[in-house]
Every structure is written in structure tokens, then in C-alpha cells.
């Protein structure tokens, strides 16, 4: 299977993350916010950037699980992590975190997850090569005259 499920997961996560970012920004601009009124407040853009990175890594992790034959386990992990990120808004509503602090947590979480997924991708387990007796012997046979 190679790296195809991992890459396919990352690409699909990028597509979904970008779609969601466009959807969120369209809602913001529909409320009357303009680029000039944003000023130096790039928090929404930063949050969406981290969100796209998060979607890429979670989907790549699910693709990794698919490649390893553990698709439903990795899907459940990905779904749990996505739900955890979605419900982090509760901390803001309960005044446990400010919006900036929540964005820092989101960025840190997305970065840490990306490191874990990349480690999983490049981590090579030492496998004992199998002695396949069905392959022909390629040694040169000496004939006697």
C-alpha cells in the first residue's frame, strides 16, 4: 500500500480544512466585517491556518491507520481529537481561556499532532526479512565437464 493512504488522508484533510476556512470567513464577512476593519487583528486568519493544519494531520493520521490495517481505531482517535478541538469553545464561554489563549492552545495542539503524525509516518520498525522459498535462486550454478 505504501504511502498512498497517508497522502490521500492529508490531501482530503487539506481540502476539508480549506473549505471550512472559506465557509467561516464568508460568515465573518457576511456580518459586515471588511478587510480594512480587521486592522491588525489577524486572529481569525491565524485560527483558520491552524485549523487547516489540524485537519491535514488528523486526516493523515486516519490514512496512516488505513495503511496499517487499523482504520477504525485511527478513525475513532481522529474523530475524538476533532471533537475535542471543536468543543474547546466551552473554555472561552466559561471564561477559563481568552480567545488568544485558546488560539495558542489550538496552534500548539495542531503542531504537536503534526509532529506525532510525521513521526508515525517516518518511524521504521525493524522487520525481520522473510525467507521466501518460492523465489528462484539467482546464484550462478557451476557446471562440471
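Here are the numbers:
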read-out: For 85, 61, order by how many other beta-carbon atoms lie within 10 Å, fewest first; value: 85, 61
read-out: Exposure proxy ranking, count of Cβ atoms within 10 Å, fewest first, for 64, 75; value: 75, 64
read-out: Protection proxy ranking of 95-105, 23-33 - average other beta-carbon atoms within 10 Å, highest first; value: 95-105, 23-33
read-out: Spacing of the two label points (7 Å from each Cα toward its C-beta) at residue 30 and residue 11, in nm; value: 3.0
read-out: Relative contact order computed over the range 4-122 (Cα-Cα under 8 Å; 6+ residues apart), in percent; value: 35
read-out: Inter-label distance, nm, simple model (7 Å from Cα along the C-beta direction), residue 68/residue 4; value: 2.0
read-out: Computed label-point distance, nm, for sites residue 111 and residue 94 using a 7 Å Cα→Cβ extension; value: 2.6
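FYI, it's all coordinate maths here, none of it is from the lab. This is a predicted model, so every value here is computed, not measured. A quick note on method: Cβ atoms are made from the backbone with ideal geometry, for glycine too, and the neighbour counts reach across all protein chains shown.
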